[in-house]
Amino acid sequence: MSDDGLVGRPLRRREDDHLLTGDARYTADIDAPDAAHLAFVRSQYAHARVTEVDAAPARGEGVVAVLTQSDIAGEGTPMELPVNGDVLDADLPGHPVLARERVRYQGQPVAAVLAEDPYAARDAASAVEVSYDSRSSVTDPHEARGGDAPVLFDAAPDNVVVTGEQGDVDATERAFADADRSVELTLRNQRLIPNAMEPRAALARPDGEGVRVEMSSQAPHRHRSKLATTLGLPERRVRVVAPDVGGGFGHKGHHYPGEAAAARAAQLFDRPVRFVATRTGNYLAGTHGRDHHTEAALAVDDDGTIRGLRASTLANAGAYALSSGPALAAAYGRLLAGQYRLPAVHCRTEAVLTTTAPVHAYRGAGRPEAIYVLERLVDRAASELGMDPAALRRQNLLDPGAFPYDTPTGVTYDSGDYETALDATLEAVGYDDLRERQARAREEGRYLGVGLACYVESTGEGFESGVVRVHPDGGVTVYAGTHSHGQGHGTTYAQIVADELGVPYDDIEVVEGDTERVPPGTGTFGSRSTVVGGNAVAESARDTARRARELAGDRLEAAPEDLRIEDGAVHVAGAPNRSVAFAEVAAAAYGGDRPAGTPPGLEATTFYEPDGTAYTFGTHAAVVEVDPESGEVTVERYVAVDDCGPRVNPRIVEGQVHGGVAQGVGQALYERAEYDGSGNLATGSMQDYAVPSSVQLPEVETDATVTPSPHNPLGVKGIGEAGTIAAPPAVVNAVVDALAPLGVDHIDMPVTAERVWRATR
Ligand code: MCN
């Protein structure tokens with residue numbers, strides 16, 4: 001990364017004109033006039049036996065077929081979404097695309113209707129008569145765990161399907177025995193519903209002996225693998241294409257009945273089939289996030305030295321143990337040491353099935369759960385010790401010299417400079433002045449609070465593919481196995497390749513999201529694209545540049561190592577007039593005038609996996625004012641100082657932090673998915689599930705420190721989830737700080753006006 005390169009510049013996102021002028025093409029916009037439309041008949045019950053499906057009332061004009069599981073599944077065609085067997089304690093069956101005889105959450109698809117238009121499909125779906133023999137439901141993981149609770153699967157008689165443990169139980173117990181005191185908290189990290197602007201959608205078409213599925217996916221190759229398994233097809237017969245995707249936040253990495261049923265119906269009826277989820281369908285049967293119930297304690301000495309942490313979490317996995325939800329629950333304790341010198345940690349997690357929608361990754365995915373527990377405990381300790389929360393944090397932070405650092409939870413942090421980020425945040429928010437302002441406000445009967453959150457975040461795991469292809473005219477196409485759905489990879493990957501290859505940014509096009517055009521990759525989630533995909537395309541660009549210098553060396557009669565590629569020309573270092581146009585080199589690569597012995601073509605493919613995980617970190621601060629009369633919380637200011645190593649594009653990084661903080665403030669103050677006693681989703685639409693609007697959100701003031709990761713050549717760390725990790729504890733800590741004079745020491749999220757009102761009385 002040179003000072004005069006494009007990496008590090010806050011370029012405007014090149015994708016925005018396309019997205020903001022209505023030019024974007026989402027899955028539902030793709031023209032397919034002969035497509036049949038698929039709508040699901042969804043279970044009204046949370047838990048029931050399906051005794052009969054009567055399709056007769058649904059048949060009529062425009063209705064092509066009413067399908068049940070026996071119509072779509074058969075020998076070699078499982079039509080079952082696989083469970084995440086790697087982490088499960090029990091041998092559970094998968095999720096049938098259409099229910100076999102049991103339904104285990106409200107909204108689970110029971111039958112599918114195909115019709116000539118979407119309205120006929122929905123009308124027919126509501127006309128199908130399903131008879132149920134209802135069973136008792138259970139939505140609370142404490143109640144679900146054994147006893148009289150209904151059993152979802154015989155293979156897990158107590159409904160417990162995952163047990164996870166991190167750290168050393170004996171060392172932790174010793175730390176608690178030796179410490180001056182133990183600070184305790186019972187916390188709920190509530191269930192959330194991901195809200196991408198575009199609901200899930202798929203358009204499946206027969207394609208030779210296989211199927212082509214255009215779909216709103218954040219991980220096309222993963223979806224291809226899962227679809228192939230579900231349909232019983234070889235992967236090479238399934239092509240997944242993800243066009244413009246209107247947000248995902250994790251839930252579009254999951255494999256759903258919608259795309260599988262559409263793909264199977266396209267095969268059976270030999271015509272295109274379209275499925276577009278309604279918002280309510282998305283709420284009922286899209287995956288949810290979080291839902292952890294935790295008891296935790298911090299062992300701390302009276303002088304503020306933190307000695308140990310223990311936590312015990314019950315994670316509500318929902319019905320079926322699919323995809324990454326259970327795995328995240330099992331592993332979340334790995335980040336519980338956060339930024340601190342915390343010699344002993346022990347964490348136990350159990351994931352329990354309930355008759356609710358399956359839980360999967362939602363932006364942050366395990367890290368917000370861990371950091372919330374830790375950062376609430378640290379604030380609670382400060383309050384019990386009568387110490388300033390910033391001072392208590394500073395006293396216990398890991399030193400910059402501590403890295404690489406092995407945490408007691410079994411992970412190794414790559415690099416960090418935590419105190420610098422803390423100081424930058426305190427200075428930006430004017431911490432000392434705020435404390436004085438707070439004291440004055442209290443005298444006037446006003447409740448002002450400041451909350452801090454210091455976080456670490458694991459980013460950039462697994463492998464990714466990146467191709468750099470130079471065309472005979474010198475233009476460049478970059479292919480990556482990730483798939484941007486709001487992150488701006490088209491801009492940042494082009495910045496990286498422009499610097500590494502020396503060709504103009506405008507000559508570089510980025511292609512993602514097509515399993516036929518892009519080599520096998522992993523996808524965009526876990527803030528991994530820049531670390532893994534960015535380095536994959538960088539490596540391919542370096543390889544391509546090396547080949548280009550070899551070709552040009554022959555023409556310029558110079559050694560390749562003496563050549564530089566800049567501004568679309570290859571020239572001899574120190575002699576800019578001895579040069580050849582990059583386009584001429586590209587043409588030579590494909591023409592007959594290559595130097596003898598050089599292979600044709602000018603491109604490179606890299607499958608890259610970093611040596612280790614990159615740990616992003618930072619400190620966020622929220623300033624709130626709380627009106628105890630109405631219970632209303634106003635976030636006055638929000639400061640975020642994040643360290644994701646060198647920023648490829650600071651403007652995009654800032655945007656990512658804004659978006660994440662918006663969702664984190666949403667979790668802290670407004671959002672919660674609620675089921676009633678019968679397992680009905682009580683927050684089934686945006687009227688009941690409170691996604692914040694811009695007027696409820698603060699301006700986010702951002703800044704950065706830069707600590708490169710030693711594990712990847714670009715030194716980068718991810719940033720896509722930082723805001724959702726730091727904002728919930730920062731805001732809740734601020735509210736509790738504001739209300740401390742009224743004796744409030746904890747309020748569970750979301751900190752609604754009602755909860756504040758109750759807590760202050
Ligand atoms: N970036 C950078 N310099 C860095 C790190 C990142 O310039 N050191 C830039 C990247 O190049 C990229 C963006 O920031 O353009 C995010 O990069 P990264 O942190 O690698 O995250 P991913 O691209 O892998 O995105 C995944 C992350 C996750 S896990 C969720 S969930 C999420 C998020 O991104 N969902 C989003 N951001 C979202 N943004 C939008 N608009 N919509 C979503 O659904």
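The values are calculated or read from the model by the stated rules, or taken from the named source; none is laboratory data. All of these numbers come straight from a predicted model, not from anything done at the bench. All Cβ positions, even for glycine, are placed from backbone atoms using ideal geometry, and neighbour counts span all protein chains on display. For accessibility, only protein heavy atoms count, side chains too; no ligands or nucleic acids. Shrake-Rupley method; radii C 1.70, N 1.55, O 1.52, S 1.80 Å.
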Requested in this report: Could you list all residues from segment 256-284 that are touching a Ser or Thr at 6+ places or on another chain (Cβ under 7 Å) and either aliphatic (A, V, I, L, M) or within 24 Å of HIS483 (Cβ to Cβ) (or both)?
Outcome: ALA260, ARG279, TYR283
Query raised in the report: Going by the structure shown, is ALA586 closer than 20 Å to ASP543 by Cβ and away from the ligand (no atom under 16 Å from the Cβ)?
Result: yes
**Report entry** Filter pass, GLU561 being among the acidic types (Asp, Glu), open to solvent by 10 Å² or more (accessible area, probe 1.4 Å) and free of Cβ contacts under 8 Å to residues at least 60 places away in the same chain
**Finding:** yes
Query - Among residues of segment 490-523, those that are within 8 Å of the ligand (Cβ to nearest atom) and open to solvent by 10 Å² or more (accessible area, probe 1.4 Å), counted - result: 1
Query raised in the report: Can you name every residue in segment 568-591 that is under 18 Å from GLY474 (Cβ atoms) and either surrounded by fewer than 12 Cβ atoms within 10 Å (Cβ to Cβ) or of a type in the set (Val, Ile, Thr) (or both)?
Result: VAL570, VAL580, VAL585, GLY591
Requested in this report: Select from segment 43-78 the residues that are crowded, with 22+ Cβ neighbours inside 10 Å and assigned to a loop (DSSP other than H, G, I, E, B) and list them in ascending order.
Outcome: SER43, TYR45, ALA46, HIS47
Query raised in the report: Can you spot a residue in segment 335-342 that is open to solvent by 10 Å² or more (accessible area, probe 1.4 Å) and among the small types (Gly, Ala, Ser)?
Result: no
Requested in this report: Would you confirm whether any residue within segment 152-159 is among the aromatic types (Phe, Trp, Tyr) and open to solvent by 40 Å² or more (accessible area, probe 1.4 Å)?
Outcome: no
Report task. Output the residue which, of all residues in segment 437-448 that are open to solvent by 20 Å² or more (accessible area, probe 1.4 Å) and in contact (Cβ under 8 Å) with a residue 24 or more places away in the chain, is farthest from GLN395 (Cα to Cα). Result -> ARG446
Requested in this report: May I ask you to list the residues in segment 624-646 that are outside any strand (DSSP E or B), away from the ligand (no atom under 16 Å from the Cβ) and either under 22 Å from the mean Cα position of the chain (by Cα) or of a type in the set (S, T, N, Q) (or both)?
Outcome: SER630
Query raised in the report: What pairs come up if the first residue lies in segment 32-43 and is farther than 13 Å from VAL273 by Cα, the second is among the polar types (S, T, N, Q), and their beta carbons are under 7 Å apart, counting only those six or more places apart or on different chains?
Result: ARG42/GLN108; SER43/GLN106; SER43/GLN108
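Yes or no, residue by residue, for (1) within 16 Å of the ligand (Cβ to nearest atom); (2) over 23 Å from LEU426 (Cα atoms); (3) within 22 Å of the chain's Cα centre (by Cα):
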| position | (1), (2), (3) |
| --- | --- |
| GLY655 | yes, no, yes |
| GLN667 | yes, yes, yes |
| ASP676 | no, yes, no |
| LEU681 | no, yes, no |
| VAL691 | yes, yes, yes |
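Of the residues LEU434, LEU422, only one is out of contact with any Pro (no Cβ under 8 Å at 6 or more places or on another chain) and surrounded by 21 or more Cβ atoms within 10 Å (Cβ to Cβ); which?
Values: LEU434 fails: surrounded by 21 or more Cβ atoms within 10 Å (Cβ to Cβ).
Going through LEU434, LEU422 in turn, just one is out of contact with any Pro (no Cβ under 8 Å at 6 or more places or on another chain) and surrounded by 21 or more Cβ atoms within 10 Å (Cβ to Cβ): LEU422.
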**Report entry** Complete set of residues in segment 453-480 that are open to solvent by less than 10 Å² (accessible area, probe 1.4 Å), in a loop (DSSP other than H, G, I, E, B) and within 21 Å of CYS644 (Cβ to Cβ)
**Finding:** GLY460
Report summary line: Checked segment 701-741 for anything among the acidic types (Asp, Glu) and within 18 Å of VAL633 (Cα to Cα); matches are ASP737
Report task. From PRO729, PRO698, PRO750, grab the single residue that is more than 16 Å from the ligand (Cβ to nearest atom) and part of a helix (DSSP H, G or I). Result -> PRO729
**Report entry** Number of the condition not met by GLU143 [criteria: (1) over 18 Å from THR355 (Cα atoms); (2) assigned to a helix (DSSP H, G or I)]
**Finding:** (1)
Report task. Please indicate, with yes or no, whether at least one residue in segment 601-623 is of a type in the set (S, T, N, Q), part of a loop (DSSP other than H, G, I, E, B) and either at pLDDT 95 or above or within 16 Å of the ligand (Cβ to nearest atom) (or both). Result -> yes
**Report entry** Residue check, GLU671 open to solvent by less than 20 Å² (accessible area, probe 1.4 Å), at negative phi, of a type in the set (D, E, K, R) and within 9 Å of the ligand (Cβ to nearest atom)
**Finding:** no
Query raised in the report: Given the conditions (1) among the aliphatic types (A, V, I, L, M); (2) surrounded by fewer than 16 Cβ atoms within 10 Å (Cβ to Cβ); (3) within 16 Å of the ligand (Cβ to nearest atom), which single one is not true for VAL531?
Result: (2)
Report summary line: The correct count of residues that are in contact (Cβ under 8 Å) with a residue 60 or more places away in the chain and open to solvent by less than 20 Å² (accessible area, probe 1.4 Å) in segment 396-410 is 3
Query raised in the report: Restricting the search to segment 457-489, which residues are of a type in the set (A, V, I, L, M) and within 16 Å of the ligand (Cβ to nearest atom)?
Result: VAL478, ALA480
Query raised in the report: Pairs under 6 Å by beta carbon, first residue not assigned by TED's automatic domain parsing to the domain that holds ALA311 and of a type in the set (Val, Ile, Thr) in segment 175-187, partner open to solvent by 50 Å² or more (accessible area, probe 1.4 Å) and not in a strand (DSSP E or B), six or more apart or different chains?
Result: VAL183/GLU384
Report summary line: Given the conditions (1) on the phi < 0 side of the Ramachandran plot; (2) modelled with pLDDT of 95 or more, every one holds for GLU461 apart from (2)
Query raised in the report: If you take the residues in segment 534-558 that are under 38 Å from the mean Cα position of the chain (by Cα) and open to solvent by 10 Å² or more (accessible area, probe 1.4 Å), which one is nearest to the ligand (Cβ to nearest atom)?
Result: GLU539
Query raised in the report: Taking segment 610-634, which residues are in contact with a helix residue (DSSP H, G or I) (Cβ under 6 Å, 6 or more places away or on another chain) and within 22 Å of LEU434 (Cα to Cα)?
Result: GLY618, THR619, HIS620, ALA621, ALA622, VAL624, VAL626, GLY631, GLU632, VAL633
Query - Hits in segment 712-722 - residues which are within 10 Å of the ligand (Cβ to nearest atom) and either within 13 Å of ALA621 (Cβ to Cβ) or open to solvent by 10 Å² or more (accessible area, probe 1.4 Å) (or both) - result: LEU714, ILE719, GLY720, GLU721
Report task. Please indicate, with yes or no, whether at least one residue in segment 363-372 is open to solvent by 10 Å² or more (accessible area, probe 1.4 Å), hydroxyl-bearing (Ser, Thr, Tyr) and either assigned to a helix (DSSP H, G or I) or within 22 Å of PRO82 (Cα to Cα) (or both). Result -> no
